[in-house]
1. Can you tell me the relative contact order of chain B? Whole percent, Cα pairs under 8 Å, sequence separation 6 or more.
2. 7 Å along Cα→Cβ for the label point: how many nanometres lie between residue B:430 and each equivalent label in the other copies, listed shortest first?
3. At a Förster distance of 51 Å, what's the computed FRET efficiency of residue A:142 paired with residue B:16, Cβ-Cβ distance as r, to 0.05?
4. Which one of A:194, A:76, A:108 has the biggest mean-square fluctuation once chain A is modelled by GNM with Cα springs under 10 Å?
5. At 7 Å along Cα-to-Cβ for each site, give me the label-to-label distance between residue B:220 and residue A:167 in nm.
6. Show me, for the range A:124-133, the HN-Hα J-couplings you get by feeding each phi into the Karplus relation (A = 6.51, B = -1.76, C = 1.60, θ = phi - 60°), rounded to Hz, glycine and proline as x.
7. Between the alpha-carbon centers of the range B:371-439 and the range B:302-323, tell me the distance in whole angstrom.
8. If R0 is 22 Å, what FRET efficiency do you get for residue A:205 and residue A:81 from their C-beta distance, rounded to 0.05?
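Read-outs: derived from the displayed coordinates by stated rules, not from any lab. Being a predicted model, the structure only gives us computed values, none of them experimental. FYI the Cβ positions are ideal-geometry reconstructions off the backbone, even for glycines, and counts take in every protein chain you see.
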There are 2 protein chains.
Amino acid sequence: MRLSHAFIPTLKETPAEAQITSHRLMLRAGLVRQTSAGIYAWLPLGLRVLRNIERIVREEQDNAGAQEILMPTIQPAELWKESGRYEDYGKEMLRIRDRHERDMLYGPTNEEMVTDLFRQSVKSYRELPQILYHIQWKFRDEVRPRFGVMRGREFLMKDAYSFDLDHAGAVMSYRKMMLAYMRTFQRMGLKAIPMEADTGPIGGDLSHEFIILAPTGESQVYYDAAFEEIDYLSGGAGGFSHDKPEDLERFFKQMTSHYAATDEKHDAARWDSVAADRRREGRGIEVGHIFYFGTKYTKPMNAAIAGPDGKLVHPEMGSYGIGVSRLVGAVIEASHDDNGIIWPDSVAPFKAAILNLKPGDAACDGLCERLYAAFGGNALYDDRSDRAGAKFADADLMGHPWQIVVGPRGAAAGTVELKRRATGERVEVTPEEALARIG
Amino acid sequence: MRLSHAFIPTLKETPAEAQITSHRLMLRAGLVRQTSAGIYAWLPLGLRVLRNIERIVREEQDNAGAQEILMPTIQPAELWKESGRYEDYGKEMLRIRDRHERDMLYGPTNEEMVTDLFRQSVKSYRELPQILYHIQWKFRDEVRPRFGVMRGREFLMKDAYSFDLDHAGAVMSYRKMMLAYMRTFQRMGLKAIPMEADTGPIGGDLSHEFIILAPTGESQVYYDAAFEEIDYLSGGAGGFSHDKPEDLERFFKQMTSHYAATDEKHDAARWDSVAADRRREGRGIEVGHIFYFGTKYTKPMNAAIAGPDGKLVHPEMGSYGIGVSRLVGAVIEASHDDNGIIWPDSVAPFKAAILNLKPGDAACDGLCERLYAAFGGNALYDDRSDRAGAKFADADLMGHPWQIVVGPRGAAAGTVELKRRATGERVEVTPEEALARIG
């Protein structure tokens, strides 16, 4: 993308309405614009990050054997009356009446609808287990939306739903999803910690929320160093496979045996029992939440399958959410400095920015075009006729993992300056060497 | 995907509520399920097709230089009051009041919102032209939703918006999008015909709709054979490039000089002037609509930029829609037979189906697993313990471009039967040869 014609409206000033770092940086770097309170339009740079995060979430759901579907945003009220949640949900539910005076709503979550799809289609225990997920926009009519995409009203969520014949199967699905989550966050360059949680309006017996570490996070967290050390992506010895029950058990034990709590649930006595050199404190942000709730929906909605003995059984369910749009903000809270965003490679909108310090200079233009073509669309080319200082500042603000700086002296000598955003390290290399290092 | 555990609920009976071919086949093949009148959930098989169509639309928008953004589904009423369309739009607009009694709506289209984003960010003619697009769910509260995803209430649309300094620029953007559309439809295996159209609630001076040919289409169409002959994807001599004004002019002339009309606008006198051997008749379905409307929105919403002489100018706009979810139905209307769907390769949910005629037989299982692994997820493996007839029927119904049939005799002899769905042609080949032919 050529910056001179890109729809990336950066701001010089920090917008007054933005109270937290990620909100300020997302507005300043031109990632999003607010269109109503708590509702945002994603501009090209922000959308590329959102799609990268969505892709990682999807791949890890697929790896765990979940099947992707897509449920609509608008749901009929009747389904929620069946489960008994229609009245419970209160004013956060956006209620709608259509032209025929039918009560509808903008889905805040999909337990009812997925249970309805399941009961229409699945008839036998032989078809279980099933994990269905979708990545769809949701709406929660927050009384006071704020913090940008971190607590928006219209937000993108991945929600998965598991169906198992019995409790043991449901626990397996729960652990499988927990592992998928830890892998998902690690791939985004985040340190995540699962913590026992309340079940709230979803209900159920067992629940964990996932907190990622971020210096500017919303809550104080206390945790055992173990969570910083485990490699969830390793396939080798000590690694975890989704398909091996013994791996899942060992994994779950590790996740639940080490101390981890936010301020709210912090237990000083238990904390003292953690070895002093293993105690870690920091700030964190919730980015996911998983629930096991058995037959809470399958019973009232009468979703039943034939069990091995031919008798009808209500399957045991769990649900598993990740805040996909929230993660864009959370990644920024976890990775930024005074100059702007520092994107982890896996979610960056572009692999690199190419900074042409002298557009119009034949050597600079030629070299930049050659580099730009080599990236096949995966670089942002700053071809604007601005001064160098503005280009450096914008590249730092937007947070591209690499910057390739092309000036007239270097272009004549056949070199460029390669800067790594995360470390600030700069080296003078040939264009080929720069491409090779970026990979 | 293994069919034994896939969420693909096929139906033996034709659902009574489905009046048209694509609706019947989409329900029978387990692509979608209705969740409310005119609102559908996309199940794994249907979602894969939807995503393929979306990908082709996206790539051709990108190729034409359009930039992808993502606007929210929920819009503030104020924007529509600025343009004057809030009252005009009538009952098709789904109107919503949030918890603070603010008037909102579920966007049926985005002219107002994109004009608002533009006026906040673009200040100079130097940043023009700009074409912004998004692929987002829309809602139109149809009085009588029917025909499945062909006329649903919640539907996925690609809508693009062009901003140019003057009329000449706007015409160029219009032609560029028209070319992108013809390329898009050709890549989906569809024959598309652009036809002059009324502008309706979008407004403006110039408009074309895009009709694709389908034997079970909704309207009768009359057209010159030229539209069946032109290759929009050819880059060679006689081909068209988005970037060459002379190509765009030649392209537009070809699109508008040949006769094409639906029943409604059919002109018998002009039709008679078409050479008899060039006259074609058929059935068609509208899948896209483009509009040029100048300053219809930029003026009342006061979107203005500095022109070359420093004076403020209202940019000239156009808008360009493709019905992405509707296309899933339209492709089926264009490509099916009595046995089911016949997916064009480019949009098929899977490249091939692998039919194991004797699960449990070591040779069959081994060969099927080997073939399945070779597709890396891009095949549907029918590993069910059903009889062969049911497997053949389901594979035909689901419409996979290729079927690889693995039976015990062949597996012992090292051969499979390869069937091409479109032609019905079957050949006995080695597994390697089957993979090579599928490509």
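1. Working: 879 pairs, mean separation 74.9, N = 439.
In percent, rounded to a whole number, it is 17.
2. Label-point separations across copies, in nm and ascending: 4.4.
3. Working: r = 43 Å, r/R0 = 0.84.
In this case the efficiency is close to 0.75.
4. Looking only at A:194, A:76, A:108, the largest GNM fluctuation is found for A:76.
5. 6.9
6. 9, 4, 5, 7, 8, x, 10, 10, 10, 9
7. That distance is 54 Å.
8. Working: r = 24 Å, r/R0 = 1.10.
Here the calculated transfer efficiency is 0.35.
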